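The values are calculated or read from the model by the stated rules, or taken from the named source; none is laboratory data. What you see is a predicted model, and the numbers here were worked out from it, not measured in a lab. Heads up, the Cβs are rebuilt from the backbone with ideal geometry, glycines too, and the neighbour counts pull from every protein chain shown.
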Amino acid sequence: MVKRLFDIFASLIAIILLLPVLILAFLSVRIASPGPAIYRAQRIGRRGIPFVMHKFRTMHVRPSTGSVITSANDSRIFLVGKVLRALKIDELPQLFDVLAGKMSIVGPRPEDPKIVELYYTPLARETLSVAPGLSSPGSVHYYTSSELHVDDGDPERFYVTRLLPIKLAMDIVYLRHVSLWYDVTIIAKTAITIVLIGCGKRKFAEPPEFAEAQQLMNDTDAPLVRLSEQQAL
């Protein structure tokens, strides 16, 4: 109940303060690329229930490449979209998803249904025990250390073998130490990180959750990601 009240209060305040940014982003997308300004993405939420997550559209409306993972150099991303993605402005419509109760301000980032169905193990599904969030330790680490390095040749394989395990591990560490104060520190860290990246910073120290997350990843009795033999090679 406390977390939900915090989400309502924080999302309302954020929407009010960021309203000029939301309007400018909406208009910029409409001008930069034909099509809707809002992208509605299917995601898996709490208890494994699918829901629609909202983002500012950052890619031209073209036939899909077949992969549910987008590399940083995907040709469909238009210039305004690159700026929105770099500063995480494309995620701001999710404040309304938080207000509607589909998401939380802090929580494991929701994944595409295909990723969950094909690759999540029982341990990974621990992240589905709570409402998905706008930010989390895993998503911040992905943003600072991994997002720009998704392989263009096979982005989905690269993501599930190299990036998804540490992202899931760090979000499980978050769940095992969750508190309101921890949420506040993650919100502050997310905001500071976005500002620093916007100012040109590219190298960041490993977060405090990293060591415990690595231990989870190294536990072969409880793997985080289910891979085929070919993918594991």
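Could you grab me the full set of residues in region 1-30 that are among the aliphatic types (A, V, I, L, M), touching a residue at least 40 places away in the same chain (Cβ under 8 Å) and more than 18 Å from Val184 (Cα to Cα)? Explain how you work it out, then say what you get.
As a first pass, look at region 1-30 and keep what is among the aliphatic types (A, V, I, L, M): 1-2, 5, 8, 10, 12-19, 21-25, 27, 29.
Subset that is touching a residue at least 40 places away in the same chain (Cβ under 8 Å): 2, 8, 10, 12, 14-15, 18, 21-22, 25, 29.
Correct list: Leu18, Val21, Leu22, Ala25, Val29.
Given the residues Ser136, Ser145, which is the only one that is within 15 Å of the chain's Cα centre (by Cα) and over 23 Å from Met53 (Cα atoms)? First the steps, then the outcome.
Numbers: Ser136 fails: over 23 Å from Met53 (Cα atoms).
Result: Ser145 is the single residue among Ser136, Ser145 that is within 15 Å of the chain's Cα centre (by Cα) and over 23 Å from Met53 (Cα atoms).
For region 1-19, which residues satisfy the criterion of being surrounded by fewer than 18 Cβ atoms within 10 Å (Cβ to Cβ) and either not hydrophobic (A, V, I, L, M, F, W, C) or not in a helix (DSSP H, G or I) (or both)? If you could, list the steps in order and put the result at the bottom.
Taking region 1-19 as the starting set, the residues that turn out to be surrounded by fewer than 18 Cβ atoms within 10 Å (Cβ to Cβ) are 1-6, 8-9, 12-13, 15-19.
Within region 1-19, Met1, Lys3, Arg4, Leu18 meet the criteria.
Suppose we keep only residues that are of a type outside the set (A, V, I, L, M) and surrounded by fewer than 12 Cβ atoms within 10 Å (Cβ to Cβ) within region 20-35. Which one would you say is nearest to Glu117 (Cα to Cα)? So that I can check it myself, show each step before the final result.
Taking region 20-35 first, the residues of a type outside the set (A, V, I, L, M) are 20, 26, 28, 30, 33-35.
If we keep only those that are surrounded by fewer than 12 Cβ atoms within 10 Å (Cβ to Cβ) as well, we get 20, 34.
On the way: Pro20: 38, Pro34: 32 Å.
Restricting to residues being of a type outside the set (A, V, I, L, M) and surrounded by fewer than 12 Cβ atoms within 10 Å (Cβ to Cβ), the top hit is Pro34.
Which count do you get for residues in region 20-45 that are in contact with a Pro (Cβ under 7 Å, 6 or more places away or on another chain) and not in a loop (DSSP other than H, G, I, E, B)? Walk me through how you get there before you give the answer.
First pass over region 20-45, keeping only residues in contact with a Pro (Cβ under 7 Å, 6 or more places away or on another chain): 38, 42-45.
Of the ones still in play, those that are also not in a loop (DSSP other than H, G, I, E, B) are 38, 42-44.
Final tally of qualifying residues: 4.
Yes/no per residue for (1) charged (D, E, K, R); (2) within 13 Å of Ile89 (Cβ to Cβ); (3) at pLDDT 95 or above:
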| position | (1), (2), (3) |
| --- | --- |
| Met1 | no, no, no |
| Ser11 | no, no, yes |
| Ala37 | no, yes, yes |
| Phe56 | no, yes, yes |
| Val61 | no, no, no |
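Conditions (1) β-branched (Val, Ile, Thr); (2) more than 21 Å from Arg85 (Cα to Cα); (3) touching a helix residue (DSSP H, G or I) at 6+ places or on another chain (Cβ under 9 Å), marked per residue:
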residue: Pro113; (1), (2), (3): no, yes, no
residue: Val116; (1), (2), (3): yes, yes, yes
residue: Ser129; (1), (2), (3): no, yes, yes
residue: Pro132; (1), (2), (3): no, no, yes
residue: Ser139; (1), (2), (3): no, no, yes
residue: Ser145; (1), (2), (3): no, no, yes
residue: Pro155; (1), (2), (3): no, no, no
residue: Tyr174; (1), (2), (3): no, yes, yes
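Filtering region 119-133 down to residues that are more than 11 Å from the chain's Cα centre (by Cα) and farther than 19 Å from Met217 by Cβ, which residue is surrounded by the most Cβ atoms within 10 Å (Cβ to Cβ)? Let's see the steps before the verdict.
Taking region 119-133 first, the residues more than 11 Å from the chain's Cα centre (by Cα) are 119-131.
Filter again for farther than 19 Å from Met217 by Cβ, leaving 129-131.
On the way: Ser129: 13, Val130: 19, Ala131: 23.
Ranking the candidates gives Ala131 first.
Against the definition (surrounded by fewer than 15 Cβ atoms within 10 Å (Cβ to Cβ), within 19 Å of Leu134 (Cβ to Cβ) and among the β-branched types (Val, Ile, Thr)), how does Val184 come out, yes or no? Don't jump to the end; show me each part of the working.
Values: surrounded by fewer than 15 Cβ atoms within 10 Å (Cβ to Cβ): yes; within 19 Å of Leu134 (Cβ to Cβ): yes; among the β-branched types (Val, Ile, Thr): yes.
Yes; evaluated as a whole, the condition is true for this residue.
Would you call Ile8 more than 19 Å from the chain's Cα centre (by Cα), within 18 Å of Pro132 (Cα to Cα) and aliphatic (A, V, I, L, M)? Let's see the steps before the verdict.
Numbers: more than 19 Å from the chain's Cα centre (by Cα): yes; within 18 Å of Pro132 (Cα to Cα): yes; aliphatic (A, V, I, L, M): yes.
Answer is yes for this residue.
Quick one: in region 84-115, of everything that is assigned to a helix (DSSP H, G or I) and touching a residue at least 60 places away in the same chain (Cβ under 8 Å), which residue is surrounded by the most Cβ atoms within 10 Å (Cβ to Cβ)? Quick ask: steps written out before the conclusion?
At the first step, the residues of region 84-115 found to be assigned to a helix (DSSP H, G or I) are 84-86, 89-91, 94-99, 113-115.
Narrowing the set further to residues that are touching a residue at least 60 places away in the same chain (Cβ under 8 Å) leaves 86, 89-90, 95-96, 98-99, 113.
Details: Ala86: 17, Ile89: 21, Asp90: 22, Leu95: 22, Phe96: 15, Val98: 25, Leu99: 16, Pro113: 14.
Here the answer is Val98.
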